[in-house]
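*Asks:* Take this structure, written in structure tokens, and hold onto it; I'll ask about it next.
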């Protein structure tokens, strides 16, 4: 019997949780599972990636915070498609999706917590505890996220299972090869980019500039201001660098104003959301993630696999993948001086850069590949679903 799985998320825009949903929907064994994705708001920029694979993506166009009609719409989708498993992602979908799944008597209800959500109020925690009691299993993307929900929310440890995010190693192999070709060595210090790198040409970046990028939503937790402050100090020390801020979000105008105030407009490019991240990696010398909180960021796995050194804050699940000085560099959050020092260290130390890249690739290939994530998740689906069957049907 093929099991019908409904993934519920706000939208399929740029973000780690969104990428997890896409990877799961595409990667499940199609002899055993049929995937459908429901976006509470709009489909988002990356929905066509699923639709090209023949996977249905539904959008509900939810606009209001307390639009309870979304529960009725979700129940209709669940019943029409004979859904066996509902898997929700992020707060809004975890709330509305689990309520609808419970009312529709879906056999298996699973939610994923992608972050240590320190923004939540006591009321959110009460709701989380209530919904957890109606949920068969909660997936945490890192040990730190699990610890947060056990200690701060009061969810039983046995209810939460850690499944690390993963990426497709095969998809990144071509990126690794191209990245190697476009650098004389794997180090920002002596970057000599291929004249064929159209992205650097497109963005008017000269071959001798070190490109440091942040990729993700423009929201306070990501630490973009610290990134800009670090770039200001770096350029003031005579380093020839270009900062790329890739993504969109509510802080965009504020960050552009910060750039203006710091006189960084000639050193920073806001690219907006891009769907060509694999190509973008070929133009980048370092990835920065100076976040104040994280669950388990996909972007660092993608960068590590693509041969791009990572400098990240030691928060959340980041230290579970990066060992400082071995496969990346860790810094304290909200410390732009330390961030600048890490950038400068990579620019100066070619041997360190090479070592980080080699070790990072090996780490991702061994511990954080996409197949592991998919196999663990669909194994959990099967185990819980089979446990719900009458004994005669097992």
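*Asks:* Kindly provide the set of residues from segment 134-166 that are in contact with a helix residue (DSSP H, G or I) (Cβ under 7 Å, 6 or more places away or on another chain) and assigned to a loop (DSSP other than H, G, I, E, B), ordered by number.
*Replies:* Correct list: 134, 135, 136, 142, 154, 155, 163, 164, 165, 166.
Each row is one residue, and each column tells you yes or no for (1) out of contact with any helix residue (DSSP H, G or I) (no Cβ under 6 Å at 6 or more places or on another chain); (2) surrounded by 13 or more Cβ atoms within 10 Å (Cβ to Cβ); (3) within 17 Å of residue 17 (Cα to Cα).
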position: 72; (1), (2), (3): yes, no, no
position: 78; (1), (2), (3): yes, yes, no
position: 104; (1), (2), (3): no, yes, no
position: 119; (1), (2), (3): yes, no, no
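*Asks:* Which residues, counting only those in segment 98-114, are within 13 Å of residue 128 (Cα to Cα), in a helix (DSSP H, G or I) and touching a strand residue (DSSP E or B) at 6+ places or on another chain (Cβ under 7 Å)?
*Replies:* Correct list: 98 only.
*Asks:* So which residues in segment 107-117 are farther than 21 Å from residue 322 by Cα and crowded, with 22+ Cβ neighbours inside 10 Å?
*Replies:* 108, 109, 110, 111, 112
*Asks:* Among the numbered criteria (1) under 19 Å from the mean Cα position of the chain (by Cα); (2) surrounded by fewer than 18 Cβ atoms within 10 Å (Cβ to Cβ); (3) modelled with pLDDT of 95 or more, which single criterion is violated by residue 260?
*Replies:* (1)
*Asks:* Of the residues 233, 273, 268, which single one is surrounded by fewer than 20 Cβ atoms within 10 Å (Cβ to Cβ), touching a helix residue (DSSP H, G or I) at 6+ places or on another chain (Cβ under 6 Å) and within 17 Å of residue 288 (Cα to Cα)?
*Replies:* Values: 273 fails: touching a helix residue (DSSP H, G or I) at 6+ places or on another chain (Cβ under 6 Å); 268 fails: surrounded by fewer than 20 Cβ atoms within 10 Å (Cβ to Cβ).
So the residue among 233, 273, 268 that is surrounded by fewer than 20 Cβ atoms within 10 Å (Cβ to Cβ), touching a helix residue (DSSP H, G or I) at 6+ places or on another chain (Cβ under 6 Å) and within 17 Å of residue 288 (Cα to Cα) is 233.
*Asks:* Tell me the residue from 255, 234, 280 that is farther than 24 Å from residue 354 by Cβ, touching a strand residue (DSSP E or B) at 6+ places or on another chain (Cβ under 9 Å) and outside any strand (DSSP E or B), please. Spell out how you get there, then give the answer.
*Replies:* Numbers: 234 fails: farther than 24 Å from residue 354 by Cβ; 280 fails: farther than 24 Å from residue 354 by Cβ.
Of the residues listed, the single one that is farther than 24 Å from residue 354 by Cβ, touching a strand residue (DSSP E or B) at 6+ places or on another chain (Cβ under 9 Å) and outside any strand (DSSP E or B) is 255.
*Asks:* Taking the condition of being in contact with a strand residue (DSSP E or B) (Cβ under 7 Å, 6 or more places away or on another chain) and surrounded by fewer than 16 Cβ atoms within 10 Å (Cβ to Cβ), how many residues in segment 346-394 meet it?
*Replies:* Result for segment 346-394: 1.
*Asks:* Let me ask something additional. Where the second residue is at pLDDT below 95 and the first is assigned by TED's automatic domain parsing to the domain that holds residue 121 and lies in segment 148-160, which pairs have Cβ atoms under 7 Å and are six or more apart or on separate chains?
*Replies:* Every condition considered, the pairs that remain are 148/116.
*Asks:* Can you say whether residue 227 is in contact with a strand residue (DSSP E or B) (Cβ under 7 Å, 6 or more places away or on another chain) and either touching a residue at least 12 places away in the same chain (Cβ under 8 Å) or in the same structural domain as residue 297 (by TED's automatic domain parsing) (or both), as far as the supplied structure shows? Walk me through it before giving the result.
*Replies:* Working: in contact with a strand residue (DSSP E or B) (Cβ under 7 Å, 6 or more places away or on another chain): yes; either touching a residue at least 12 places away in the same chain (Cβ under 8 Å) or in the same structural domain as residue 297 (by TED's automatic domain parsing) (or both): yes.
Judged against the criteria, residue 227 is a match.
*Asks:* Given the criterion assigned by TED's automatic domain parsing to the domain that holds residue 354 and at pLDDT below 95, identify the matching residue among 243, 238.
*Replies:* On the way: 243 fails: at pLDDT below 95.
One residue alone meets the criteria, 238.
*Asks:* Continuing with the same structure: Tell me which residues, restricted to segment 51-70, are over 21 Å from residue 120 (Cβ atoms) and touching a helix residue (DSSP H, G or I) at 6+ places or on another chain (Cβ under 7 Å).
*Replies:* Within segment 51-70, 53, 55, 57, 58, 60 meet the criteria.
*Asks:* Looking only at segment 199-220, filter to residues that are surrounded by fewer than 18 Cβ atoms within 10 Å (Cβ to Cβ) and in a helix (DSSP H, G or I); which one of those is modelled with the highest pLDDT?
*Replies:* The selected residue is 220.
*Asks:* I'd like the full set of residues that are part of a helix (DSSP H, G or I) and more than 24 Å from residue 167 (Cα to Cα), limited to segment 380-394. Working first, answer last.
*Replies:* Residues of segment 380-394 part of a helix (DSSP H, G or I): 380-388, 391-393.
Scanning segment 380-394 gives 384, 385, 386, 387, 388, 391, 392, 393.
*Asks:* So which of 26, 45 ends up being assigned to a loop (DSSP other than H, G, I, E, B), in the same structural domain as residue 157 (by TED's automatic domain parsing) and touching a residue at least 24 places away in the same chain (Cβ under 8 Å)? Spell out how you get there, then give the answer.
*Replies:* Details: 26 fails: assigned to a loop (DSSP other than H, G, I, E, B).
Going through 26, 45 in turn, the sole match is 45.
*Asks:* When you go through (1) within 17 Å of residue 41 (Cα to Cα); (2) modelled with pLDDT of 95 or more one by one for residue 106, which number turns out not to apply?
*Replies:* Just one mismatch for residue 106, condition (1).
*Asks:* Now for a separate question. Among the candidates 371, 361, which residue alone is within 20 Å of the chain's Cα centre (by Cα), at pLDDT below 95 and within 28 Å of residue 208 (Cβ to Cβ)? Give the steps one after another, and end with the answer.
*Replies:* Working: 371 fails: within 28 Å of residue 208 (Cβ to Cβ).
The match here is 361.
The values are calculated or read from the model by the stated rules, or taken from the named source; none is laboratory data. Just so it is clear, the model here is predicted, and its values are computed rather than measured. So basically every Cβ, Gly included, is an ideal-geometry build from the backbone, and we count neighbours across all protein chains shown.
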